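Report on the structure given below.
Every number here is computed from the coordinates shown, using simple stated rules; none is lab data. All of these numbers come straight from a predicted model, not from anything done at the bench. Using ideal geometry, Cβ is built from the backbone for each residue, glycine included, and neighbour counts are taken over all protein chains shown.
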Amino acid sequence: MSNENVLLSIKDLHASVEEKNIIKGLNLDIKPGEVHAIMGPNGAGKSTMGYVLSGRDGYTVDSGSASLAGEDLLDMDVEDRARAGLFLAFQYPVEIPGVSNLEFLKVSVDAQREARGEESLTSAEFLKVAKEACKQVNLPVSFLKRGVNEGFSGGEKKRNEIMQMILLKPKLCILDETDSGLDIDAMQVVANGVNSQRSSERSFIVVTHYQRLLDYIKPDFVHVLADGKIVKSGDASLAKELEEQGYAWLQTEPKEDELED
Amino acid sequence: MTEQIDKALAREYEAGFVSAVESETFEPGLNEDVIRRISEVKGEPEWMLEWRLKAFRVWQEMEEPNWAHVDYEKVDFQAISYYSAPKSMKDKPKSLDEVDPELLRTYEKLGIPLVEQQMLAGVAVDAVFDSVSVVTTFREKLEEAGVIFCPISEAVHKYPELLKKYLGSVVPTKDNFFAALNCAVFTDGSFVYIPKGVRCPMELSTYFRINEQNTGQFERTLIIADEGSHVSYLEGCTAPQRDENQLHAAVVELVALDDAEIKYSTVQNWYPGDEEGKGGIYNFVTKRGICHTNAKISWTQVETGSSVTWKYPSCVLKGDNSIGEFYSVALTRGRQQADTGTKMIHIGKNTKSTIISKGISAGKSNNSYRGLVRMNPGAQGARNFTQCDSLLIGDQCGAHTFPYVESRNPSAIVEHEATTSKVSDDQMFLCQQRGIDPEKAVSMIVNGFCKEVFKELPMEFAVEAGKLLEISLEGSVG
Ligand SMILES: Nc1ncnc2c1ncn2[C@@H]1O[C@H](COP(=O)(O)OP(=O)(O)O)[C@@H](O)[C@H]1O
Ligand SMILES: [Mg+2]
């Protein structure tokens, strides 16, 4: 480890999906408390990066390393990475019919508490914090009773992701295009949710296409991910440049399959 | 994922122990003599013996059915013993204190501490161990309300008029091969009578267990809800782990007279056999209820056990405005096969029926829904709604739906909806990404899928059913 004070450290990571190389030499260090924005063309591998870090089935690491708080991430099961503090807010949250949001949240929180050797919360205690989290993301409390994402609108699903993040208190949050498809009000709710959770202990990777989110969530760094690696890094002003000029000036020739979402 | 599922499905059957209870068991084999002996040990009156012998002759003329979507080695009816009683039962216990402690321990292992249930849950329990009814708790309290809840063998002596009138009135002897066999050889079961206008003060419950090797279990249940009365009844079933297949051929008859309501819930966890399909219970059961005017019968079943299940709890909606309901969760894994569903026979005007069936298949199992909705010519304004949902875990299992509709009344409305879904990788990944281990995730997803049915179970049993599913699914992912 180059630096003790690094929360996430990714070194020369290569990963593939269905035998196709997608991540091609990714390097990234994130210190506690930092917010890193990741931008880049469709098909660059942004979502894949999130899946590889969280250990999704079917995403194979070919070489390189990734560690969270000094622990080798790549060696752990999906649920152990989550318990170690890694949280992924999904680009397309899935529905689980019949399982109430409240139950799902409690089971998640209990699993993580148990892994840390903490007692599980009583139903009453949990209901209280869950209601509080609902308020923070502007979801009616009745959403706790509904099935996980069942019949939620796009915006409600994304707010539900932020609610989960608030309740799970992760060390590293990866938000994958959480702002896509949201109107300005919903986007502000998401941004406020993130800002309320910012602390010197917690870091964020915010994947987005839009400068407007970064007006609310002020990133410490902005990276451009193209063709499976970071091709440019800078501060918040880089996002503005990208918004104005697109990615073409970065000299990455878009391949045909990168044009799809 | 499939490989992991296979590997992990090799889990232990929790109720698969054998109790060291001394018992008296007949030699295997079936003939008129055996039937006479059964009748004799039970000290039955002549009419009962005649009834059995008549059924036996009918059965001999019948052929085993083979239309169900199940495949199993045929039963050798001469290799089964038709009577087994724990020895200590000979002098029947009058109270729990007199019950063989080993028996009580058996029930405790099954998670039914009778004594505790008696105190805490207020559930009256009739426990049938192999062929005889062991103990019926809470009798006195029920007697105060005028409710009769006793072993059917006792009812034969005490309430012959009710039995003569109703036994075989819903499921006639000739109904089917296994029902006829049951009529000839049934050894025990429960009898319930709720008097006019009485709301049974507590849930009634029976636990069945097959303990002896090579015994069949042929229990018979008869529930009569007199006019305007109400009763909720639950049965639970387990069996030890054996390499041989064991036969369970029960008959349940429900009679709901005018304005009466019967709610019948089953949590069935017979031994399902091992991963190769060796051993396990053949569960060939006939359950049917008849509804008179304005009456309602509601069947709720959670079926997780047995190697082969063949079961169609049905309602004959004879009276006008009567209601039939069927809520079912059937889970199969390993090599289990289930062919289950219901029949709703609409005879009266404005009769209504609802069918909600949730089939869950894992491993190499096969799970079929088979349902018949019949609207007779007189069923003016009758309605049925059927919803059949199948959930697949892994890709080596099968789910099938066989809905039959026969409508002879143009004003009757029949609606049918069916879905098939999988526990998706996306759902599993979401759960695991939140820190939930895969087994818990599957059981949570499956429980969510079954919610509409679980909410029909009495409260305390809904929790039990959820746990049972969780145990049954243990190891269904890697
Ligand atoms: N499950 C998958 N199977 C096959 N190809 C995939 C899969 N997931 C992603 N890819 C491919 O990987 C590349 C990167 O995709 P992705 O990480 O979703 O990009 P981004 O999120 O940056 O738009 C694309 O070419 C995409 O088609
Ligand atoms: Mg993406």
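Taking every DSSP helix (H) stretch of at least 4 residues in chain A, weighting each as -39,500 (n - 2.57) and dividing the sum by the residue count yields a mean residue ellipticity at 222 nm of -10500 deg cm²/dmol.
Summarised as an ellipsoid, the range B:424-478 has semi-axes of 22, 12, 8 Å, derived from the eigenvalues of the Cα gyration tensor scaled by 5 and square-rooted, with the largest first. Take every pair of alpha-carbon atoms less than 8 Å apart whose residues are at least six positions apart; their mean separation over the length of the range B:321-478 yields a relative contact order of 20 percent. Tilt of helix A:123-136 relative to the longest C-alpha principal axis of chain A, in degrees (0 to 90, nearest 10)? Between the helix axis and the principal axis of chain A, the angle is about 50 degrees. The order of the peptides A:91-98, B:158-165 by mean Cβ neighbours within 10 Å, most packed first, is A:91-98, B:158-165. Backbone amide hydrogens, once placed in the peptide plane, bring residue B:300 within less than 5 Å of B:264, B:265, B:266, B:327, excluding anything fewer than 5 places away on its chain.
Ranked by the mean number of other Cβ atoms within 10 Å of their residues, highest first, the peptides A:188-199, B:363-374, B:334-345 fall in the order B:334-345, B:363-374, A:188-199. In chain A, the longest principal axis of the Cα atoms and the axis of helix A:184-197 are about 80 degrees apart. For the range A:1-78 versus the range B:250-268, the spacing of their alpha-carbon centroids is 59 Å. Computed over neighbours whose Cβ is under 13 Å from that of residue B:249, the net charge equals 0, Lys and Arg +1, Asp and Glu -1.
Backbone phi angles across the range B:169-177, fed through the Karplus curve with coefficients 6.51, -1.76 and 1.60 (θ = phi - 60°), yield HN-Hα couplings of 7, 9, 10, x, 3, 6, 3, 7, 3 Hz in residue order; Gly and Pro are listed as x. The range B:408-451 and the range A:142-178 have Cα centres separated by 20 Å.
The range B:139-203 and the range A:89-106 have Cα centres spaced 47 Å apart. Considering only A:178, A:122, A:48, the Gaussian network model of chain A with Cα springs below 10 Å gives its largest mean-square fluctuation to A:122.
Packing around the peptides A:131-142, B:280-291, taken as the average count of other Cβ atoms within 10 Å per residue, puts them in this order, highest first: B:280-291, A:131-142. The mean number of Cβ atoms from other chains found within 10 Å of a Cβ in peptide A:107-117 is 3, as a whole number. The mean sequence distance of close C-alpha pairs (under 8 Å, at least 6 residues apart), as a share of the length of chain A, puts its relative contact order at 27 percent.
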